[in-house]
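Report on one structure; see the data block that follows.
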Amino acid sequence: SHTNLFQLVKDKVVRFRRTGESTRSEDEGESREQVIKIAEQTDLESVALADGAPVPREFANPTDDTFMVEDAVEAIGFGTFQWKLSILTGLSWMADAMEMMILSILAPQLHCEWRLPSLEVALLTSAVFIGMMISSSLWGNIADKYGRKTGLKMSVLWTMFYGLMSAFAPIYGWILILRALVGFGIGGAPQSVTLYAEFLPMKSRATCILLIEIFWALGTVFEVLLAILVMPTLGWRWLLGLSTIPLFIFGFLCFWLPESARYDVLTGNQEKALATLKRIATENGAPMPLGKLIAARQEDRGKIKDLFSSDFRWTTVLLWFIWFANAFSYYGLVLLTTELFQEGGACGMSKGNKMELRCSLECKYLNSDDYKDLLWTTLSEFPGLLVTLWAIDRLGRRKTMALCFLVFSLCIIPLYGCVGRASMTVLIFIARAFIAGGFQAAYVYTPEVYPTATRALGLGTSSGMARVGALITPFVAQVMLESSVYLALSVYCCCCLLAAIASCALPIETTGRGLQESSHHDWGQEMMGRASSHSSEGFPHSSSGSQG
């Protein structure tokens, strides 16, 4: 009967689609040809649509041997190629984290060396984030138009060049411009993750978030270790120069990187895409799917008004504030750490203010104890990541975010008193672990809560709000701190308490929803494309999504 025949063909196609097995034996090859010949002589379409149900994508046109890039990536699986790509992507992420970490080390040094008022010191930090804000969509457009690899190489070389140039800056004006240009280049760093995500099978994506975040934490730790070795003897110019090492390594290894097969297919370069996929299959020792490579259907991009539809209005407003509070508090704490260590905490700063009425130009250089304590607080990123990974599925996304914000606020409160150096280090360690964990929870929740059409836009706007927070925070952590340490600490404490309330108020809990395997991270917003096992859309356009 027609129905039995259709079932036979479906079984055959399913096996081919889902396992990607390359049936090499002659017997199997012959039986497969016979099935297709029989299928060609039958009116399959009328049988399939007789009950009015649509034909599932993988069963449609069973005589047409075609596969998409996503099918090939799923069939080939995770292997040697992806491990190499993980390390390369990690280098780019490390460089990004290092450039962020430099800010907390460079600020007190230039404050002293060039006798800068605190407002100019804060502006030096903000300049980097201004550069990132201006460039993030630009790098995304370059990657969409000229290829992921091209966009990535350009941004890496740009950051490396201006990172080195800023080491030779003769005056404040020059370093301000050059650091803004470094920020402009950093805006393209997430393009490495865009490329990375396009070569990852769905089930491996959650694990790979962990890899990427470990590299971010390694970058911050490596920067502090570099400062401990370099700053006392060679000075800040050498630190700026040596901090471009991961970018140099990345630039050198770029020749190995392939262009995204998905990008090649979309631009009509099927042969090149097929060659890339064959190369990955060879490196992984896995078979390629049979048939002809075709392009995936493109999903329309969402519009800003979709984020404020009746279903998502409240979620969008709350998420924007949560992302703002996350970046504001995370980078604020990074900058506060060096300020508080220098002065001996709130007690030391208040005493200094009352007794000496210090001039805003007065300063202290970071000493070896400051660097050691900075290293300890930076190492907190690792337990922070583990806490989030443990809590996010057990407590749920919203409660995890609320917990992270609440613990951060509780750790800030004791800093109002005259706590000792050791106690202050422990409190900052815990606060930073949890606020870094809060960042990860927001990265997990946001792509899960929005539907496919508005997912890229939802992540892009949230990331933009995070940059606004990062932009404002130096003026609190470095300028407001000068006039009143209690006021500065109160701003961070209240901001995170409000963010904890906002997290609890989110109307949708996404734990256990279909997207969690495939979309755990704002990786250039590419990860969310093949959102679930039943969706057929291609990846949305790339955009920026680094931590801040």
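Below are the figures for this structure:
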read-out: Three semi-axes of the equivalent ellipsoid, region 367-433, Cα gyration tensor, whole Å, largest first; value: 25, 15, 6
read-out: Region 122-134 - phi-based ³J(HN,Hα) in whole Hz, Karplus 6.51/-1.76/1.60, Gly and Pro as x; value: 5, 5, 4, 6, 4, 4, 5, 6, 5, x, 5, 5, 5
read-out: Additional length obtainable on full extension of the chain from residue 177 to residue 141, 0.36 nm per residue less Cα span; value: 10.6 nm
read-out: Efficiency of FRET between residue 421 and residue 119 - r from beta-carbon atoms, R0 22 angstrom, step 0.05; value: 0.20
read-out: R0 of 35 Å, Cβ-Cβ distance residue 278-residue 157: FRET efficiency to nearest 0.05; value: 0.75
read-out: When the convex hull of its Cα atoms is projected in every direction, mean area for region 155-244 (nm²); value: 6.5
read-out: Spin-label model distance (nm) - residue 501 vs residue 203, 7 Å beyond Cα toward Cβ; value: 4.5
read-out: In Å², nearest 10: area of residue 373 left accessible to a 1.4 Å probe; value: 20
read-out: Fraction of the pair-distance distribution of region 62-295 above 34 Å, Cα-Cα pairs, percent; value: 24
read-out: Area of residue 174 that stays accessible when all protein chains are in place (1.4 Å probe, Å², to 10); value: 130
read-out: Estimated FRET transfer efficiency (residue 256, residue 134; beta-carbon r; R0 30 Å; 0.05); value: 0.45
read-out: Cross-link table 203/372; 145/292; 149/292; 278/305; 305/399, entries beyond 32 Å C-alpha to C-alpha; value: 203/372; 278/305
read-out: Alpha carbon centroid spacing (whole Å) that separates region 458-507 from region 255-274; value: 42
read-out: Additional length obtainable on full extension of the chain from residue 168 to residue 238, 0.36 nm per residue less Cα span; value: 24.3 nm
read-out: Under-5 Å amide H pairs with residue 68, H placed in peptide plane, nonlocal only; value: 294
read-out: Rough spin-label spacing in nm, given labels placed 7 Å along Cα→Cβ, for residue 368 and residue 314; value: 5.7
read-out: Accessible-area order (highest first, 1.4 angstrom probe) of the listed residues 263, 330; value: 263, 330
read-out: List 81, 161, ordered by accessible area with a 1.4 Å probe, largest first; value: 161, 81
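The values are calculated or read from the model by the stated rules, or taken from the named source; none is laboratory data. Note that the coordinates shown come from a computational prediction; the quantities given were computed from them, not determined experimentally. We place every Cβ from the backbone using ideal geometry, glycine too, and count neighbours over all the protein chains shown. The area values use the complete protein model at the heavy-atom level, side chains included, leaving out ligands, DNA and RNA. Shrake-Rupley method; radii C 1.70, N 1.55, O 1.52, S 1.80 Å.
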